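Colleague: First the structure, which I've put down as structure tokens, then a few questions once you've had a look.
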Amino acid sequence: MINQPGMAALWDALPQARMVGGAVRDMLAGRPVADVDFAVPLSPQEVMARVEAAGLKAVPTGLAHGTVTVVAAGRGFEVTSLRRDVATDGRHAVVEFTDDWKTDASRRDFTINAMSATRDGAVFDYFGGREDLAAGRVRFVGEAARRIAEDYLRILRFFRFFARYGRGVPDAQAVAAIVTLREGVRGLSAERVWSEVKRILQADDPRAVVALMRETAVLELVLPGADEARLAALVARGAPVDALLRVAALLRGDAGLFARRWRLSGAEQVRLAALMAQNALAPDADDAALCRALADVPGEILIGRSWLGQDERPGWEGLRARIAAMARPVFPVLGRDVVMLGVPPGPGVGAVLDQVRRWWLAGGCVADKRTCLARVRAALDGDAHA
Ligand code: ATP
Ligand code: MG
């Protein structure tokens, strides 16, 4: 049984709570469990009252959905009241609270995600999730087509969980329903889609699931024109598990278009564009070239580009090791140094900095501050004499 700090205190306050969803699944699969979520046959108000009476902090995270975050031993646990769906429209659900565990389990997506476990380790498995998990079967709770029409995100969730837990032939009913209903993905919010796509591409080996997405024509909805062969090559080379690096391999078209379509965060957009920039280092680049590249681009990005650009030439592994071992050179001159030398504050300072920096780069980023400033002085003198 999982025993994270804080769980005992939570269970003392809410003895009727059960661990649910991913935690039970991963515990049974013998995989590491990160977040432990709980469900309770109590209303959120009752949860708040009991948790506070026990001296723990209760944060009303999503009361409308019945979720209270309980803080115990410095960790937050989501505790959600058992629910039943009153109405669904393919994107949102209207729920009401219930005290029936099976009703709550039946609104969850897959049998492997619909199990719950009590404090003493008793597992409640209403739909054969344990057996499916052992056999590598990702199966909807109930009829696949009906469950997808309730929430089209489940199409992408199917791929996420299939990538992680699936083995062999995917469930035929699920695949048929996905093919029929795939257009529903278009109606989902960009944020939900991108969050799922990332998790799909975060699988150890996403090649089979990406092929399945292509066969079901879902791939063209989320990543039109995807270059599967490049993804396959990237994975085969042993590149790290990195969703954005994999997107960079798959994308054939405009990264900006993709980033805007799925509303990537600012940081993700910058990283994706940097990974996809064409100026990769050659595997036999000398130290000066490497240093120059590092002055402009973080090592992490240069390493990512090396995975994307890797070809038959030898030396890629060595190149990555050299990048990783090299400290990022820092241009030693600041604007105020230039001002001290007599350049009036203003755009002229930037121009001088830019010029010295280019000289510093060309020299392999070895000149120190004194040498750089001497160069500035010489240039200024030259201007004065001209
Ligand atoms: P992960 O380890 O990837 O976080 P997880 O099982 O915790 O896996 P979540 O997306 O965090 O997955 O969802 C938690 C649980 O909530 C699921 O296990 C499932 O029971 C239920 N769930 C979440 N989203 C849906 C959905 N769209 N439809 C039905 N059930 C869902
Ligand atoms: Mg989770």
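The values are calculated or read from the model by the stated rules, or taken from the named source; none is laboratory data. Note that the structure is a prediction, hence the values are computed from the model and not measured. Counting neighbours? That spans all protein chains shown, and the Cβs are built from the backbone with ideal geometry, glycine included. Please note that ligands, DNA and RNA were not included when accessible areas were found on the heavy atoms of the full protein model with its side chains. Shrake-Rupley method; radii C 1.70, N 1.55, O 1.52, S 1.80 Å.
Colleague: Suppose accessible area is computed on protein heavy atoms with a 1.4 Å probe; arrange L272, L181 from highest to lowest.
Modeller: Reading off the accessible areas and sorting them downward yields L181, L272.
Colleague: Within the accessible area of the stretch 277-325, what % is carbon and sulfur when the probe is 1.4 Å and the other protein chains stay in place?
Modeller: 55 percent
Colleague: Would you give the gap between the C-alpha center of the stretch 106-172 and the C-alpha center of the stretch 25-51, rounded to a whole Å?
Modeller: Computed from Cα coordinates, the inter-centre distance equals 18 Å.
Colleague: Show that you can apply the helix-only estimate: for the chain, add -39,500 (n - 2.57) for every DSSP H stretch of four or more residues, divide by all residues, and state [θ] at 222 nm to the nearest 500.
Modeller: Rounded to the nearest 500, the figure is -14500 deg cm²/dmol.
Colleague: For the stretch 102-148, just say rounded, prolate or oblate: build the C-alpha gyration tensor, square-root its eigenvalues into a ≥ b ≥ c, call rounded for a/c under 1.5, and beyond that prolate if a/b exceeds b/c, oblate if not.
Modeller: Oblate, since a/c reaches 1.5 and b/c is not below a/b.
Colleague: Students often forget the sequence filter, so: which aspartates and glutamates lie under 12 Å Cα-Cα from K198 once same-chain residues fewer than 8 apart are removed?
Modeller: The reachable aspartates and glutamates, counting only those whose Cα sits under 12 Å from K198, are D242, E268.
Colleague: Which log10 I(q)/I(0) values does the stretch 246-386 give at q = 0.11, 0.13, 0.16, 0.22 Å⁻¹ under the Debye formula, counting every alpha carbon as one identical point scatterer?
Modeller: Values, matching the q order: -0.57, -0.73, -0.91, -1.19.
Colleague: Shape verdict for the stretch 335-381, please, from the Cα gyration tensor: rounded (a/c under 1.5), prolate (a/b greater than b/c) or oblate.
Modeller: prolate
Colleague: Okay, next question. Taking N as the number of residues in the stretch 137-276, what value does Rg over Cα atoms divided by 2.2 N^0.38 Å take?
Modeller: Cα-based Rg divided by the globular estimate yields 1.01.
Colleague: Which of D151, D104, D354 ends up with the largest GNM mean-square fluctuation for the chain, with Cα atoms connected below 10 Å?
Modeller: Highest fluctuation of the listed residues: D354.
Colleague: May I pose another question? Can you give the relative contact order of the chain as a percent, counting alpha carbon pairs under 8 Å and 6+ residues apart?
Modeller: 9 percent.
Colleague: For the stretch 160-290, what relative contact order do you get, as a whole percent, if you take Cα pairs closer than 8 Å and at least 6 residues apart?
Modeller: Worked out over the stretch 160-290, it gives 25 percent.
Colleague: Would you mind getting the accessible area per residue of the chain, heavy atoms of the protein chains only, 1.4 Å probe, in Å²?
Modeller: For the chain, the solvent-accessible area averages 48 Å² per residue.
Colleague: Would you mind telling me the share, in percent, of accessible area of the stretch 335-381 contributed by carbon and sulfur at probe 1.4 angstrom?
Modeller: Here it works out to 59 percent.
Colleague: Another one. Loop only by DSSP, 15 or fewer other Cβ within 10 Å of the Cβ. Give me the trypsin sites (Lys or Arg not before Pro) in the stretch 156-215 that pass, ordered by residue number.
Modeller: Listed in order of number, the matching sites are R167.
Colleague: Below 8 Å, C-alpha to C-alpha, sequence gap of six or more: please give me the relative contact order for the stretch 268-349 in percent.
Modeller: Taking the mean separation of contacting Cα pairs over the length of the stretch 268-349, I get 30 percent.
Colleague: Check the chain for me: any Cys whose beta-carbon has no other cysteine beta-carbon within less than 4.7 Å?
Modeller: Flagged as lacking a Cys partner: C372.
Colleague: Run a plain Debye calculation on the chain (Cα atoms as equal point scatterers, no solvent) and give log10 I(q)/I(0) at q = 0.09, 0.11, 0.12, 0.13 Å⁻¹, rounded to two decimals, same order as the q list.
Modeller: -0.71, -0.91, -0.99, -1.08
Colleague: Compute the distance from the alpha-carbon center of the stretch 56-90 to that of the stretch 185-245, in whole Å.
Modeller: Centre-to-centre (Cα) distance: 30 Å.
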